[in-house]
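See structure below.
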Amino acid sequence: MTSATTFTQHTGEYTIDGAHSRIGFVARHAMVTKVRGSFNEFDGSFTVDGDEPSKSTAQITIQTKSIDTRNADRDGHLRTNDFLAIEQYPQITFTSTEIAHTGDSTFDVTGDLTIKDVTKSVTIPFEFEGSAKDPYGNERVGFEGSTAIQRSDYGISFNAALETGGVLVSDKITLEFEISAIKNA
């Protein structure tokens with residue numbers, strides 16, 4: 001278990017390693033199963049203030065065209081105006097506004113999430129997964145977190161009624177973050 005005092009050694013600026021991180025989502029499909037997907041192109045950075053975590057910051061930019069649910073037809077539909085409208089809105093962004101240390105290794109990261117030019121405040125609980133020096137001499141840290149949003153809050157309201165009741169795609173979307181970052185020299 002990491003104690004609050006050990007975060008001092010992690011003070012610094014970090015760049016998210018996209019090759020070893022995942023930004024994903026989960027939606028209910030046809031009321032009976034879940035569809036999981038991810039965005040394959042994103043970049044981000046954060047600053048850790050180990051002495052005063054509330055002074056830490058984070059930002060991520062996601063390329064909407066990189067959505068991947070392992071089904072080309074579905075991905076094509078998600079890129080249209082029914083969902084992400086990638087031509088008009090090529091990016092999803094998140095910029096932190098507040099970071100609170102909530103437990104020995106947990107943090108609530110609150111910030112502005114912008115999807116399709118709609119910005120809403122969301123809080124993502126994160127767990128610090130640890131740190132290590134990789135074989136190339138880089139200091140790495142890992143964080144995991146998730147939160148749920150309503151896609152209709154961001155103007156994504158396409159749906160189809162099911163014959164048996166309910167709808168094809170849930171309004172609730174769970175966002176998942178598995179972050180590996182490298183400390184900047």
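The values are calculated or read from the model by the stated rules, or taken from the named source; none is laboratory data. Just so you know, these numbers come straight off a predicted model, no measurement behind them. So basically every Cβ, Gly included, is an ideal-geometry build from the backbone, and we count neighbours across all protein chains shown. With ligands, DNA and RNA removed, areas are computed over all heavy atoms of the protein, side chains included. Shrake-Rupley method; radii C 1.70, N 1.55, O 1.52, S 1.80 Å.
Worth a mention:
- When we screen Asp153, Asp104 for residues that are assigned to a helix (DSSP H, G or I), at negative phi, in contact (Cβ under 8 Å) with a residue 12 or more places away in the chain and open to solvent by 70 Å² or more (accessible area, probe 1.4 Å), the only hit is Asp153.
- Every residue from the range 7-33 that is without any contact (Cβ under 8 Å) to a residue 24 or more places away in the chain and part of a strand (DSSP E or B): Thr33
- Flag for Arg36 being in a strand (DSSP E or B) and farther than 27 Å from Ala132 by Cα: yes
- Within the range 118-137, tally of residues that are more than 17 Å from the chain's Cα centre (by Cα) and open to solvent by 50 Å² or more (accessible area, probe 1.4 Å): 5
- Test: Asn71 is free of Cβ contacts under 8 Å to residues at least 40 places away in the same chain and closer than 27 Å to His20 by Cα: yes
- Condition met for Ala148 (without any contact (Cβ under 8 Å) to a residue 12 or more places away in the chain and either closer than 27 Å to Phe83 by Cα or not aromatic (Phe, Trp, Tyr) (or both)): no
- Residue list for the range 42-83, filter: of a type in the set (D, E, K, R) and over 12 Å from the mean Cα position of the chain (by Cα): Asp49, Asp51, Glu52, Lys55, Lys65, Asp68, Arg70, Asp73, Arg74, Asp75, Arg79, Asp82
- For Ser66: the one exception among (1) within 18 Å of Ser146 (Cβ to Cβ); (2) open to solvent by less than 50 Å² (accessible area, probe 1.4 Å): (1)
- The residues on offer are Ile23, Ile86, Ile92, Ile99, and the sole one that is in contact with a Pro (Cβ under 7 Å, 6 or more places away or on another chain), modelled with pLDDT of 95 or more and either crowded, with 16+ Cβ neighbours inside 10 Å or not aromatic (Phe, Trp, Tyr) (or both) is Ile99.
- Among the residues of the range 156-185, those that are β-branched (Val, Ile, Thr) and either modelled with pLDDT of 90 or more or open to solvent by 50 Å² or more (accessible area, probe 1.4 Å) (or both) comprise Ile156, Thr164, Val167, Ile173, Thr174, Ile179, Ile182.
- Enumeration of residues in the range 2-20 that are modelled with pLDDT of 90 or more and either surrounded by 15 or more Cβ atoms within 10 Å (Cβ to Cβ) or hydrophobic (A, V, I, L, M, F, W, C) (or both): His10, Thr11, Gly12, Tyr14, Ile16, Asp17, Gly18, Ala19
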